[in-house]
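**Q** Can you keep this structure in mind? I'll have questions shortly.
The values are calculated or read from the model by the stated rules, or taken from the named source; none is laboratory data. Predicted model only: the values in this text are computed from it and were never measured. Cβ placement follows ideal geometry from the backbone for every residue including glycine, while neighbour counts extend to all protein chains displayed. Only protein heavy atoms, including side chains, enter the accessible area calculation; ligands, DNA and RNA are left aside. Shrake-Rupley method; radii C 1.70, N 1.55, O 1.52, S 1.80 Å.
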Amino acid sequence: MNVTTVTKRCTAVLAASVFAMALGAAPGAQAAGPKKGGTLVAVWQLEPHTLYSARGGGSSPLIVNTKILEKLVRQVAIDKFEPELASSWDISSDYKTYTFKLRKTNWHDGKPFTSADVQFTLKDVLAKLSSNGLLRAIEKVETPDAQTAIVHFSRPAPEYLALASLAASQSSIIPKHIYAGTKYSKNPANNAPIGTGPFKLKEWARGSHVEMVRNEGYWQKGRPHLDRLVIRYIRDPGARAAAMEGGEVLLAVSNPFPGPEIDRLAARPDLVADKKGYDTSKWQMLMEMNVRNPILAKKQVRQAIAYAIDQNFIVDTIFYGLGNASTGPIPVSQTRFYSPDTASYPYDPKKAGELLDKAGYPVKADGKRFTLKLVASPWFTENKKTGQYLKQVLEDIKIGINMETPDRGGTIRQIYCNYDFDITVSNSIASADPLIGTTHWFTSNGIRKCAAFRNASDYSNPALDKVVDQAAVETDPAKRKALLAEFQKIAMENVPIMHLVDIGMTNVVNTKVHNYSFTSQWMYDSWKDVWLEK
Amino acid sequence: MNRTFLAVRRRLLQAVPVVFGIVAIIFLLLNLSPGDLVDVMAAEEQISDPQVLEQIRAEYGLDKPIYVQLANYVWNIVHLDLGYSFRHSQPVWDVIVERLPATLILMSVSMALALFIGGLAGVVASIKVNTLYDNLISVVAIIFFAAPSFWIGLMMMVLFSVKLGLLPVSGMYTIGGDYSLAGEIWDVTRHLVMPSFALGLFYAAIYARVMRASMLEVSGLDFIRTARAKGLGEKRVAFKHILRNALLPVVTLFGLQLGTMLAGSVVIESVFSWPGIGTLVFEAVLTRNFPLVMGVLLFGSILVVIANLAVDLVYMRLDPRIELR
Amino acid sequence: MSPLLQVCDLTTHLFTVEGVVKAVEGLSFDLDADETLALVGESGCGKSMTALSLMGLVPDPPGRIVGGQVLLGDRDLLQLSEHEMQKIRGNEIAMVFQEPMTSLNPVFTVGDQIVESVLTHRQVSRRQARERAVELLDLVRIPDPRGRFDDYPHRLSGGMRQRVMIAMALACDPDVLIADEPTTALDVTIQAQVLDLLGELQGEFGMGVILITHDLGVVAGIADRVVVMYAGRKVEEAPVDDIFASPLHPYTQGLLGSMPRPGLEERLREIPGVIPSLIDMTPGCSFAPRCAKAMARCREEQPDHATIGDARVVACFAAEEEVAGRGLAVDT
């Protein structure tokens, strides 16, 4: 029997924290107890192309399907995990085997949820399609009975990384009886997901909204509170604000309006601006530097450019103060892994000029040291403005800048496929664990042609690679934290990518809504705890 | 009428090569834009394996040379197959048909409003030429002509929905409203008011100006003097004799603007979250979902061809001197 | 018996940005029933403006009738409201315009346009109006009137269209028919046909006809009396035979001299000079600058209308002297 080496220590700790959480009642619940019923209408800017994609598919499908599908584990805070489809789990002492006890529940179509579904999802879907190295390292999943799934990794899986990976929004368990043997990308269930979650899909009115209703057979008694959950798609920020003001929409997540507009709305008595719920899903704005360019291959030049930028100006002027200056690839708010012990680049254009002189790039007769191509991506409206700011400050230190702002498809092709840039303005999202989505911006194996949001700089440093490889398998949390601190140090010393801003995330919420924003990636939470005042 | 039928058939047949020409041109133009669907999907889905990308390209037929892709596309269209939107996991036809009715409703109501309001304003302005009414109509027309329609839309939204609470902010129907058929029609009508005015008023402004000029021009013609000499009242002269002739340039303009109205509806649909084809095609262009873009544009060009034919038929009814050839 | 239509001191001005154009200035004449009065003059002399003034159709702006009377029976048309005037137009006074090609509405059938005239003034059914229209088309000698009824104007020739215009004008048995250059735009052979038709219809209907023309040749065949206009004024009025036999006013003489006449082999003479601007009128006779017989007085004083005999009127100092020399009674 291969579960003999299992230790029991983790479950108790985690379960205890969950109960504390539940008893302490989440923020916003200060009014009398939760009320059952009601329809919550939330707004989102982009209609998804499909409601589920086995590879994740981006935030628009995820914000919907995380209400319908469930993960084994739910992350409720940076350091807190809660059982979801798994009622408990044990971890073997070598951290290669995770044994999950599963809940007895049914899929929305009435078929029972079993360990076969977990096996199928982990082994046949995630291990094949995920971009997360740890999930790809799933070797096999054993199913001794319908309520037990034993996951074997090919290498030691650090507990935090493993739970964070399984709790990630893309790691939802999908029904084997619907997907097995089909082409995942063409399965009709992609547009009408069948899950185990608190909400069932009622209707996707294309171009308008997705309507979900309470799953009466949900395994957790008394949840969800809501009768109905509607996600409306309103592309125009002004129209979103009007819908919010008119009370047609009660909840808008993930910076739904420009900064000043948020202040204006929050001044209304019926609306509040809420900044919680993004601790393990934080957007950052960054500047990639292409070291294929021999000039940018020099560390001094990259550092000089870093000194030339006033990050606080970007935060204050372009982001209206909503956010903070990044100090590296791990946002300050990710307290578990954040390390302040790194090289920093306070705004100092004089020093920038000196470094460039020293690096052998004095100002030439034409008044420039050299000229760079800047590609500002369109994912955030602030990116283009930041690009214009970068052009100004870099021209101040006599670096010529040609700025380009292609559209979405064009940008992806130009930056991540053709590598046709010198510097960029782009964005990354910092997940719970840096190994999930952060380190591959820097590592050698992050260099994959046409794979977007990875190492496009072509930066390659064996020392950094080694630290990251060790962190991937180090099971001692303290040692792992030290390794990731070292990763931040090397990254910031060499700055192939300069992280500019930890973007402050804001939700705008109607005061009728309670019990929101209490998990660390609440946008992708199932919202089963949310309730409405009548 | 039999001659008309033959002419209509001939015109429709003539439109076939035109439509195919449009298809070829759009196809080539689209393929000039950098990046393809797979790039966008790879970015969204975090696909990191270049081999997987090549597999997907092969699956979508994007690995073949452009002319082969074009030939395949045309071949499929001949078989009434608009292709498959991998992004939506749905055939393009299904994606479009689901969204087309909303756009058709919005466009036809907007156009009707534009023609009615613009036409009436133009007639009034021309009858009351150089009076306060005329100047007022001119000023209002200039405002609606110059102001961007999305701004008009937002202002209407703020006024009528947020401040006055008279109309729903956006969307096409009340979500979860269980109505009878009549209730549903009323519900959609209420949702339709602002978007159709926001879209229609721009065109109404144009029609008002053209109508006024056209009415004034016609009112100076000899046969209008004849009508007056018969002893007809001014209203009858204006609405029977002048209007019928003055409509001709407006109808011409109307036919020309059908295509631009389709483009204008993209903006309005976006502002009012109208679940039509406009937002769909906008998104499709950004994600390089070319089968869908092609499908929508194909629909659009067929729509314009048919609408122009309809305009010609109307023209023929309005002016007996014109015959359909 | 009082005349059918009495025009007294009709004055119509056009108020333009360049100044006041005195298009019609103190024009007076009478028209009897069953009489054809020709209004003759060069283009721009105020003939057409006179016609529009009678119809109450002076385009305003810029035009306005500033004085005078137009008496139809005992009513002064100039005092009527627009609404009352509408009941007169096309009913008691009808008009045929110069341009048959553009005077019919291109988008309605000729039949409908005649029917409209009938229905405007007569309480009859559509069917009766239709019958009347066919009758009228027949009356103006249009072959196959029932077939033509549904034709659009563009399918008819100019002559045919002018016949339709005449039919339309006659729809309500008008007392007065104003024909403004009805044949100018037509081929010569067609001209004669249309003029003959007008003459016949005048007899048949017993109307008073005002025939406006610049062509004295037209006048000879059809008119009973002639009013010659120059620069907005009447310069001479006489029975048609007298005009041709002994024109009194130098302008009338000039007009006749410029007209080809059978039997006369002499060279045609043209009237030297051009019509003066109607804005800056000289104080004297407006024809004086072109007049071979002009005297010093002519340039200072406007000649009054002098009645000569019982049927002639002339406004010319030279003519007055001439006539007085012949011993005829001159009454100014």
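**Q** Pull up the cross-link candidates among the lysines for residue A:385, meaning alpha carbon to alpha carbon under 19 Å and not fewer than 8 places away within one chain.
**A** Once the sequence-local lysines are set aside, what remains near residue A:385 is A:373.
**Q** Cα centroid distance between region A:388-446 and region C:84-140, in Å?
**A** 80 Å
**Q** Averaged over its residues, how many other protein chain Cβ atoms are within 10 Å of peptide A:52-58's Cβ atoms? The partial results should precede the final answer.
**A** Details: counts 1, 5, 1, 7, 4, 5, 6.
Across A:52-58, the average partner-chain Cβ count within 10 Å equals 4.
**Q** Using a Gaussian network model of chain C with C-alpha springs under 10 Å, which one of C:157, C:117, C:53 is most mobile by mean-square fluctuation?
**A** Result for chain C, Cα springs under 10 Å: C:157 fluctuates most.
**Q** Tally Lys and Arg at +1 and Asp and Glu at -1 over the other residues with C-beta under 15 Å from the C-beta of residue C:97: what net charge comes out?
**A** On the way: positive: B:225, B:228, B:230, C:47, C:89, C:161, C:163; negative: B:222, C:99, C:180, C:181.
Taking every Cβ under 15 Å from that of residue C:97, the sum is +3.
**Q** Under the 0.36 nm per residue contour assumption, what length would be gained going from the current alpha-carbon distance of residue A:297 and residue A:512 to full extension?
**A** Residue separation times 0.36 nm, minus the Cα-Cα distance, leaves 72.0 nm.
**Q** Let me have the 222 nm mean residue ellipticity of chain A computed from DSSP H runs of 4+ only, each contributing -39500 (n - 2.57), with the sum over all residues rounded to the nearest 500.
**A** Calculated from helices alone, the mean residue ellipticity at 222 nm is -7500 deg cm²/dmol.
**Q** Points 7 angstrom from Cα along the Cβ direction at residue B:263 and residue C:81: gap in nanometres?
**A** Spacing of the two 7 Å Cα→Cβ label points: 5.3 nm.
**Q** So what is the calculated 222 nm ellipticity per residue for chain B, using -39500 (n - 2.57) for each DSSP H run with n of 4 or more, over all residues, to the nearest 500 deg cm²/dmol?
**A** Values: 12 runs with 238 residues, N = 325.
One gets -25000 deg cm²/dmol as the mean residue ellipticity at 222 nm.
**Q** Taking a cut-off of 15 Å between Cα atoms, list the aspartates and glutamates near residue A:364, but don't count ones fewer than 8 places away on the same chain.
**A** In chain and number order, the partners are A:354, A:395, A:396.
**Q** Can you work out the base-10 log of I(q)/I(0) for region A:195-303 at q = 0.09 1/Å, using the Debye formula on its C-alpha atoms alone?
**A** Evaluating at q = 0.09 Å⁻¹ gives log10 I(q)/I(0) of -0.44.
**Q** How would you classify region A:303-391 from its alpha-carbon gyration tensor, with a ≥ b ≥ c the square roots of the eigenvalues: rounded for a/c under 1.5, else prolate if a/b is greater than b/c, otherwise oblate?
**A** Note, shape of region A:303-391 comes out oblate.
**Q** What translational diffusion coefficient, to the nearest whole µm²/s, does the protein assembly as shown have by Stokes-Einstein, given a Kirkwood radius computed over alpha-carbon pairs, a temperature of 25 °C and 0.890 mPa s viscosity?
**A** 66 µm²/s
**Q** Of all beta bridges DSSP finds with both residues in chain A, what is the antiparallel percent, to the nearest 5?
**A** 75 percent
**Q** Then there's this: Write down the radius of gyration of chain A and its Dmax, each obtained from C-alpha positions, in Å.
**A** 23.7, 77
**Q** Given a cut-off of 30 Å, name the pairs among A:71/A:276; A:391/B:64; A:275/B:163; A:275/A:384; A:176/A:479; A:104/A:183 whose C-alpha atoms lie farther apart than that in the structure shown.
**A** A:391/B:64; A:176/A:479
**Q** For the peptides B:56-65, C:237-246, what is the packing order when you average, over each peptide's residues, the other Cβ atoms within 10 Å and list the highest mean first?
**A** C:237-246, B:56-65
**Q** What is the mean number of Cβ atoms from other protein chains located within 10 Å of the Cβ atom of each residue in peptide B:264-273, rounded to a whole number?
**A** Mean shielding by partner chains, rounded to a whole number: 3.
**Q** Please give the peptides A:391-400, A:124-133, A:95-104 ranked by average Cβ packing (other Cβ atoms within 10 Å per residue), highest first, as a rough proxy for protection.
**A** Put in order of decreasing packing, that is A:124-133, A:95-104, A:391-400.
**Q** Using a 1.4 angstrom probe with every protein chain in place, what is the largest-first accessible-area order of A:219, A:527, A:283?
**A** Per-residue accessible area, sorted high to low, gives A:283, A:219, A:527.
**Q** Now for a separate question. For chain B, with a Gaussian network of springs between Cα atoms less than 10 Å apart, report the residue from B:97, B:296, B:304 with the top mean-square fluctuation.
**A** B:97
**Q** Then there is this: For chain C, take the longest principal axis of its alpha carbons; what is the angle in degrees between that and the long axis of helix C:126-139, to the nearest 10 within 0 to 90?
**A** It works out to around 50 degrees.
**Q** In whole angstrom, and with the biggest value first, how far do the Cα coordinates of region B:107-286 range along each principal axis?
**A** Sorted from largest, the Cα extents of region B:107-286 read 62, 36, 30 Å.
**Q** For the pairs A:111/A:534; A:36/A:111; A:96/A:200; B:128/C:87; A:96/A:299, note any where the Cα-Cα span goes beyond 31 Å.
**A** Numbers: A:111/A:534 35 Å; A:36/A:111 27 Å; A:96/A:200 35 Å; B:128/C:87 23 Å; A:96/A:299 39 Å.
The answer is A:111/A:534; A:96/A:200; A:96/A:299.
**Q** Right, something else. Pick from C:160, C:295, C:168 the residue whose mean-square fluctuation is largest in a GNM of chain C, springs joining Cα atoms under 10 Å.
**A** For chain C, modelled as a Gaussian network with Cα springs under 10 Å, the answer is C:295.
**Q** Something else about it: What is the angle, in °, between the Cα long axis of helix A:477-494 and the longest principal axis of the Cα atoms in chain A? Nearest 10 is fine, range 0 to 90.
**A** Computed tilt is about 30 degrees.
**Q** Next question, about the same structure. Mean shadow of region C:168-221, computed from the convex hull of its alpha carbons, in nm²?
**A** The number I arrive at for region C:168-221 is 3.6 nm².
**Q** Something else about it: Go through A:117, C:196 and list them by solvent-accessible area, largest first, probe radius 1.4 Å.
**A** If we order A:117, C:196 from most to least accessible, we get C:196, A:117.
**Q** For peptide B:216-229, what's the mean number of Cβ atoms from other chains within 10 Å of each residue's Cβ? Don't skip to the end; give the middle numbers.
**A** On the way: counts 0, 0, 1, 0, 1, 4, 9, 11, 2, 9, 14, 9, 9, 18.
Mean shielding count: 6.
**Q** So how do A:329-339, B:118-128 stack up, highest first, on mean other-Cβ count within 10 Å? Intermediate results must be reported in sequence, preceding the final value.
**A** Values: A:329-339: 20.1, B:118-128: 21.7.
Sorting A:329-339, B:118-128 by mean packing, highest first, produces B:118-128, A:329-339.
**Q** Whenever you get a sec, compute what percent of the accessible area on region A:281-503 sits on carbon and sulfur atoms (1.4 Å probe).
**A** 51 percent
**Q** Please say if region A:404-534 is rounded, prolate or oblate, where rounded means a/c under 1.5 for a ≥ b ≥ c the square roots of the C-alpha gyration tensor eigenvalues, and otherwise the choice is prolate for a/b larger than b/c and oblate otherwise?
**A** Oblate is the answer for region A:404-534, as a/c is 1.5 or above yet b/c matches or exceeds a/b.
**Q** Under a point spin-label approximation (7 Å from Cα along Cα-to-Cβ), what is the residue B:179-residue A:266 distance to one decimal in nm?
**A** Inter-label distance under the simple model: 3.7 nm.
**Q** Where a ≥ b ≥ c are the square roots of the eigenvalues of the C-alpha gyration tensor, would you call region B:79-166 rounded, which needs a/c under 1.5, or, failing that, prolate if a/b is larger than b/c, or oblate?
**A** It comes out prolate by the Cα gyration axes.
**Q** Rounded to whole Hz and in sequence order, give me ³J(HN,Hα) for region B:125-137 from the Karplus expression 6.51 cos²θ - 1.76 cosθ + 1.60, θ = phi - 60°, writing x for Gly and Pro.
**A** Whole-Hz 3J(HN,Hα) from phi for region B:125-137: 4, 6, 5, 9, 4, 6, 10, 4, 4, 4, 5, 4, 4.
**Q** Determine, at each q value in 0.18 (inverse angstroms), the log₁₀ of I(q)/I(0) that the Debye formula gives when each Cα of region B:2-91 is one equal point scatterer.
**A** -0.92
**Q** I've got another one for you. For residue B:244, what is the net charge nearby, where nearby means another residue's Cβ is under 12 Å from its Cβ and Lys, Arg count +1, Asp, Glu -1?
**A** Charge balance in the 12 Å sphere: +1.
**Q** If you average the alpha carbon positions of region C:203-256 and of region C:180-195, how far apart do those two centres end up, in angstrom?
**A** Value for the Cα centre distance between the two parts: 17 Å.
**Q** Report the Rg/Rh value for region C:101-173, based on alpha-carbon coordinates and the Kirkwood definition of Rh. Provide the component values of the computation, followed by the final result.
**A** Working: Rg = 10.8 Å, Rh = 11.7 Å.
That ratio is 0.92, to two decimals.
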